[in-house]
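Engineer: Structure provided below as structure tokens; questions to follow.
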Amino acid sequence: MIRKLILAVVVAVVVTLACILLSDLLTSLKVQVAISIGNFLGNYSGVIGVLAGLWFFFAGDLRRRP
């Protein structure tokens, strides 16, 4: 149980950092659609990360165990 919680926190942090990185890359482009998506990812990166962590905690690591 503790292992799942720690892995879920790691997943949440990694997803949040990935969203922030992708947000910076997209907002540096000069295309309006990419800027809008980048702004969305930047604003909601924490929420997306927490949701990914919760999903990982409750769904598991997707490896089938007998």
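Each reported figure results from applying straightforward, stated rules to the coordinates on display, with no laboratory input. All values reported here derive from a predicted model rather than from experimental measurement.
Engineer: Defining a contact as two alpha carbons under 8 Å apart and six or more residues distant in sequence, what relative contact order in percent does the chain show? Can you show the working numbers first?
Structural biologist: On the way: 62 pairs, mean separation 28.3, N = 66.
Reported as a whole number, the value is 43 percent.
Engineer: Can you tell me the orientation of helix 32-59 relative to the chain, as the angle in degrees between its alpha-carbon axis and the longest Cα principal axis, to the nearest 10?
Structural biologist: 10
Engineer: Cα gyration tensor of region 2-59, axes a ≥ b ≥ c as square roots of the eigenvalues: rounded (a/c below 1.5), prolate (a/b > b/c) or oblate? Walk me through the intermediate numbers first.
Structural biologist: Numbers: a/c = 4.37, a/b = 3.01, b/c = 1.45.
Prolate is the answer for region 2-59, as a/c is 1.5 or above and a/b outweighs b/c.
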